[in-house]
Amino acid sequence: MINNLTDVRGINAWGAHMGIKSKRRDIALIYSDKPASAASVFTQNLVCAEPIKLSRKHIKDGSIQAIIINSGNANACTGQKGWEGAVAMAETTAKELDIPVESVLVASTGLIGEPFPTEKVLSGIKECVSKMSKREIAGSLAANAILTTDTFAKEGYSSFEIDDTTINMAGIAKGSGMIHPNMATMLGFIVCDVAITSELLDKALREAVNKTFNMITVDGDTSTNDMVSIICNGMAENKIIDEEDERYDLFLEHLIKLCKHLAMLIVSDGEGSTKLVEYRVEGAKTEEGARQIARTISDSNLVKTAIFGTDPNWGRIFAAAGRAGVSFDPDKVDLYFGSGRAVQILDNGQPTDHSREEVKKEMNTSTITITLTLNEGTEEAVAWGSDLSYEYVRINAEYTT
C-alpha cells in the first residue's frame, strides 16, 4: 500500500476528467473536514495567473479548508474573463462544500494565454465534490489530475511522533518544465494533521521551500503559476505548536524531508532529461553564498549540455561559479566529480593529474554528484538539476502544436 493524501486524518480528495486535456484527469480537489492552518508561497514572476492573485487574498488570514486545481489551462494572461473564471472556481467549490469562499485556494496549470474553459472546470468541481473520498485511490487520482507534461504522478508521505501522537503528512506536486529556483518553482500541495499556528506554519514552509524547491532547476524559467501550499487541520489533537521548540523543529525536519522528496521527483522528471545532477557547494562563508553558487552552476545551459553529452568540460562549472556574484578565492577551490568525491579535478585551484576518461566514467551515469569546496568557511548548500537534451528542445518547440 502506498500512503498518500487521504492517509492524513480528515483529508478527502478526488480527481476528475472534464475534457480540458484529451486523456488525463484535469480537475483535483483536496478538502479537510475541519478548517486548517495554512500557508503558501507563490511565483515571483510579475506576470502571474489569475488564480495566484485570488489565492494570495484568500491565504492572508492563515485558514483554508479546500484547494481546487485545474490542469491543461494556466488561466494566465486571460484578462477579466480569466479572473472571473478563477473567482467562479472558488465560489463553486465553497457552495458545493458549504464553506466560506475565503477558505478556498485556487490553482491552475497548463497552457498560458488560452481562453479559460470555465464551464468545464465548474462541472469538474461538482463531480469532485460528489465523489471525494478518503480512500487511497482518491489521493492518487488528485495527484494525477494536476499533471501536464509530467511523465508520472509525484506523491510523498511521512509520519512521526509528537506528544506521543502519530502525525501524518502527505503531499503531491507537479512539474517537469518551467522549473527554476525562484520561490515555488511548480505546484505543490501538502496536508498534515498536526496542530500548529499559521504563523509558525508560514515560517516553516518558507524555510523548507528555500532548501528544497528553491534549489532545483530544469530550464531556468519561472512560471506564471508557481505555488506551494500546506494545510494543517490539527486533527491529530496534539498540543498546538505555538513556539519554536523541539516539537517545531521535528515538524520542520519532516516537512523539509517531504519537500525534498517531491522536489527530487520533479527534477528527475525534467522535460527530456536523461540525468539527475546534485551540485554541492561546501566551505563557503555564508549559506546564502553557497546557495547562490550552487544555483548558478545548476542553471547553466553550458553545464547542462556538457552533462547530457558526457563531455568532461569541467571548466564550465568553475566559470559558472565565478559569475554567481559571490566573492571567493579561485586559488583555494577544490572540485570533485562523483559520489564520495571519486575524482578530484582541482586542488587549491590547480588542475590535478586526472584523466578525462575518469571524469567521463563518473558522468556516464543517471545520477551525478559534483562538489565544489571553497575552503573559506563552514557553510554549504545543495542544488539539483537535470541535463539539457535534444528531447527538451523538441517537447518545447511543439508544446502547443
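Derivation of every value follows stated rules applied to the coordinates shown; laboratory data play no part. Values in this document were obtained by computation on a predicted structure and should not be read as measured data. Note that each Cβ is placed from the backbone with ideal geometry, even for glycine, and that neighbours are counted across all protein chains shown.
Miscellaneous remarks
- Applying the Kirkwood pairwise sum to the alpha-carbon positions of the chain produces a hydrodynamic radius of 21.7 angstrom.
- In order along region 148-164, the phi-based Karplus estimate (6.51 cos²θ - 1.76 cosθ + 1.60, θ = phi - 60°) of 3J(HN,Hα) comes to 10, 7, 4, 9, 7, 6, 10, 10, x, 8, 8, 9, 7, 10, 9, 6, 6 Hz; Gly and Pro are listed as x.
- Of the trypsin sites (Lys or Arg not before Pro) found in region 36-81, the ones in coil according to DSSP and having at most 16 other Cβ atoms within 10 Å of their Cβ are Lys60.
- Signed unit charges on C-beta, dipole axis of the chain, positive-most listed residue Ser339, Ala138, Ala76: Ala76
- GNM on the chain, alpha-carbon springs under 10 angstrom: the most fluctuating residue among Ile20, Ile64, Ile172 is Ile20.
- A Stokes-Einstein calculation at 25 °C with viscosity 0.890 mPa s, built on the Kirkwood radius of region 61-155 over Cα pairs, returns a diffusion coefficient of 176 µm²/s.
- Folded to 0 to 90 degrees: helix 79-97 orientation relative to the chain principal axis, Cα: 60 degrees
- Residue order, fewest to most surrounding Cβ atoms within 10 angstrom, among Leu258, Leu252: Leu252, Leu258
- Antiparallel bridge percentage (DSSP; both residues within the chain; nearest 5): 70 percent
- Distant-in-sequence amide H partners of Leu276 (H built 1.01 Å from N, under 5 Å): Thr367, Ile368
- A simple charge model with +1 on the Cβ of Lys and Arg, -1 on the Cβ of Asp and Glu and nothing else charged puts the dipole of the chain at about 1280 debye relative to its Cα centre.
- The helix-based estimate of mean residue ellipticity at 222 nm for the chain, built from -39,500 (n - 2.57) per DSSP H run of four or more residues and divided by its residue count, is -10500 deg cm²/dmol to the nearest 500.
- Loop chymotrypsin sites (Phe, Trp or Tyr not before Pro), region 321-401, which have at most 15 other Cβ atoms in a 10 Å radius of their Cβ (DSSP): Tyr399
- For region 22-29, Karplus couplings with θ = phi - 60° (6.51, -1.76, 1.60), whole Hz, Gly/Pro x: 5, 10, 7, 4, 9, 10, 10, 10
- Filtered trypsin sites (Lys or Arg not before Pro), region 9-39: DSSP coil and at most 14 other beta carbons within 10 Å: Lys23
- 3J(HN,Hα) couplings calculated from phi for region 322-337 with the Karplus curve 6.51 cos²θ - 1.76 cosθ + 1.60 (θ = phi - 60°) are, in sequence order, x, 9, 6, x, 10, 6, 7, 9, x, 7, 10, 7, 10, 10, 10, 10 Hz; Gly and Pro show x.
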